[in-house]
Every structure is written in structure tokens, then in C-alpha cells.
Amino acid sequence: MVSWALHRLSGLALVAYLCLHIFVIHNLAYGPERFDRVMELLGSPAFKLMEIGLLGVILYHAFNGLRVIIIDFWGGTKIQKQLFWIMMVIAAALFVAGAAPIAGHLLNALAH
Amino acid sequence: MQKIRFRIKRFNPAKDRRPHFEDFTVEAEPETPVLDCLHEIKWHQDGTLAFRRSCGHAICGSCAMTINGQNRLACQTLVKNVGKNIIVEPLRSFPLEKDLIVNLDRFYERFYSIMPYFVNNSPPPDTERIQWPEDQELIDEAASCILCASCTSSCPSFWADDDYIGPSALLKAYRFIFDTRDQAQKERLALINTSKGPWKCHTIFNCNEACPKDIDITNAIARLKLKLNDL
């Protein structure tokens with residue numbers, strides 16, 4: 001049940017992100033200067049940190065979702081717990097690979 | 001013999017406005033079933049304690065209750081399975097009648113809604129209706145359901161919406177829809193192909209964890225979804 005509850009919560013977090021994303025993109029309509037100002041704000045360390053969080057949320061939601069799809073279409077109910085941990089290992093590997101460059105940028109920004 | 005502490009949820013509709021917990025201590029062996037401890041309490045400590053039980057051998061399904069947070073049969077659960085501090089509550093999401101007894105009308109309504117009986121209008125042969133072993137294997141597990149309501153009561157989709165047919169009734173639908181001798185497959189599939197049917201299952205696995213007969217209920221519901229997809 002915990003995997004499902006986290007799936008729901010990560011889904012809600014993604015909806016919140018989507019709203020923010022659409023808000024950011026809609027600034028394009030007001031010309032390049034305004035869009036650049038918003039993008040500068042998004043380059044700040046706080047947003048970089050949130051970006052790492054976003055990556056984690058997406059990876060959890062995607063790979064647990066994949067597990068549910070596999071179970072619904074092909075079976076695997078008897079090994080659902082093992083499937084969960086296999087998916088989480090893959091997600092964790094991708095998380096490290098993706099978060100490292102962002103963390104690099106973050107440290108750079110903090111150093112300057 | 002060891003001292004086992006019980007915290008039992010009590011509710012007397014004639015006196016109480018809401019349920020509360022009461023503590024009892026019982027001497028028991030590690031192999032003593034929780035049901036025997038409840039008998040000890042009812043027979044020697046507090047005769048007003050109300051709970052359902054019948055066979056005491058895990059086949060009638062009457063004594064399903066929430067023991068240490070998980071739905072189990074009290075007769076099948078031994079003290080050593082759940083520890084020395086045991087919390088006993090009535091099954092979740094059904095209306096409370098008294099103490100550990102819940103009203104299962106909703107549960108049986110859902111059960112009857114899927115035509116839970118064998119339909120075959122061809123004239124019966126001289127002997128039984130023959131079936132291949134591999135066809136029987138498909139429904140063997142599902143046919144061993146004892147209707148204890150542990151699964152349906154553990155399902156978050158049912159907590160949110162008790163119009164949901166629920167894992168138990170869907171398992172029963174699976175048992176007949178996948179029975180090669182049955183002829184009412186189409187009618188049953190039509191009955192469950194609603195927003196309150198298998199589509200409400202979110203593959204949470206609480207039903208599988210709760211089932212005292214270890215039936216793979218989530219798998220049965222997933223097979224029903226695929227079957228509906230093929231229509």
C-alpha cells in the first residue's frame with residue numbers, strides 16, 4: 001500500500017509542477033526580456049535543489065507506474081515486492097546519473 | 001504460558017456514542033489461536049464482549065477481524081504470529097454493529113450483484129460436466145474463497161467508495177467468468193464493466209496481503225481488466 005500512496009502523492013506533486021511549468025512558459029508571450037528574467041530566477045540554487053527533487057518524483061512515479069503496467073498486462077503479482085525493488089534500483093541509478101550534473105551546477109552557483 | 005495483553009475496540013450502540021479501547025490480559029501458549037483468547041475473555045472476564053465466530057477452523061470466514069492492523073481470521077492467527085501485545089478491531093469500512101461485529105449487508109449486496117452462481121442451460125450429461133485439469137486450474141484458487149470479507153475491508157478503493165464492487169465479489173466474478181463450463185460470461189462481464197468494477201482497482205495489493213487463503217486476488221482483477229479490454 002505504501003508504494004501506491006507514494007504514487008498518488010508523487011502524482012499530485014507532478015500536477016503542481018505542471019502548473020508551475022505552464023506559468024513559466026506563458027511568460028514567453030510577453031517577450032524575451034521578461035522570459036529571461038524568469039529563467040534567471042529558475043537558475044537560482046533553490047530552484048536547482050527543487051529540480052533534483054523533481055527528478056526523484058518523476059523517476060519514482062514513472063518506474064512504479066511501469067511496475068503496475070507490467071503487473072496489469074503480463075502478470076507478476078506473486079513477485080510484486082521484488083518488482084518494486086528492481087524498479088527502485090533502476091530509478092535510483094538514473095537519479096544519481098541525473099542529479100549529479102544538476103548538483104554540479106548548484107555547487108558552481110554557490111561557489112560564485 | 002505467558003501473559004498476553006489485549007486491547008480490544010469496544011462499542012455498545014445502546015450506551016456509547018463512539019468506539020473505545022478496553023484492555024484485557026489472558027494467559028496463553030504461543031500456539032494459542034487469538035480466537036481462543038477472545039473466548040477466554042468472553043467466558044471468564046467480560047461476557048458482554050461481542051464477536052462472530054463459527055467453525056474455528058478457518059473455513060467459515062466468520063471471525064475475520066483486524067488484528068494488529070491487518071485483517072486476519074482470529075481462529076487461524078496464533079499468538080506467536082502477532083506478539084504479546086495484541087490490538088483487535090472490527091473490520092474497517094463496514095458499519096459497526098457492536099464491539100467486533102460489523103454489518104456486512106453491503107458486502108453481500110456486491111456479492112449477489114455479479115450473479116455468483118453457475119449458469120449452464122444445456123441439458124446435464126449422464127455424469128458430471130467434464131473439465132480439463134488445466135481449465136480447472138484457472139479457477140481452483142478463486143473457488144477456495146470463504147467470503148470472510150478481509151480483502152474488501154482492506155481495500156483503499158472500497159474505503160473511498162463503498163459502491164465499488166470490491167475484490168471479493170470481483171474474485172467471485174472471475175471464478176465464474178473463467179469457468180469453461182459456465183455460459184453467462186457475457187452477462188457477468190457486462191455487470192462488472194462499469195466505473196465501479198475492476199477499473200476501480202489500483203493494484204494496491206492490500207487484498208492479497210489480507211487474504212487468509214493466500215488467493216492472488218489482484219491477479220484475478222487484472223485478468224478481468226484484460227478480458228474486458230478484449231470485448
Seminar exercise, completed: With criteria (1) within 12 Å of another protein chain (Cβ to nearest Cβ); (2) over 25 Å from B:His202 (Cα atoms), A:Ser3 comes up short on (2)
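Residues to consider are B:Lys3, B:Lys9; find the one that is under 20 Å from B:Leu91 (Cβ atoms), touching a strand residue (DSSP E or B) at 6+ places or on another chain (Cβ under 6 Å) and either of a type in the set (Lys, Arg) or in the same structural domain as B:Thr152 (by TED's automatic domain parsing) (or both).
Details: B:Lys3 fails: under 20 Å from B:Leu91 (Cβ atoms).
Criteria check complete, one pass: B:Lys9.
Give the residue, chosen from B:Ile41, B:Ile67, that is modelled with pLDDT of 95 or more and more than 28 Å from B:Pro156 (Cβ to Cβ). If you could, list the steps in order and put the result at the bottom.
Details: B:Ile67 fails: more than 28 Å from B:Pro156 (Cβ to Cβ).
That would be B:Ile41, the only listed residue that is modelled with pLDDT of 95 or more and more than 28 Å from B:Pro156 (Cβ to Cβ).
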Problem set entry | Subset of segment A:12-66 that is in contact (Cβ under 8 Å) with a residue 40 or more places away in the chain and within 14 Å of chain B (Cβ to nearest Cβ) - its residue that is surrounded by the most Cβ atoms within 10 Å (Cβ to Cβ) | A:Asn64
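Confirm whether B:Leu78 is of a type outside the set (Gly, Ala, Ser), assigned by TED's automatic domain parsing to the domain that holds B:Pro33 and within 14 Å of the chain's Cα centre (by Cα). Talk me through it step by step, then tell me what you get.
Working: of a type outside the set (Gly, Ala, Ser): yes; assigned by TED's automatic domain parsing to the domain that holds B:Pro33: yes; within 14 Å of the chain's Cα centre (by Cα): no.
Answer is no for this residue.
The values are calculated or read from the model by the stated rules, or taken from the named source; none is laboratory data. Quick caveat, the model's predicted, so the values are computed rather than measured. Counting neighbours? That spans all protein chains shown, and the Cβs are built from the backbone with ideal geometry, glycine included.
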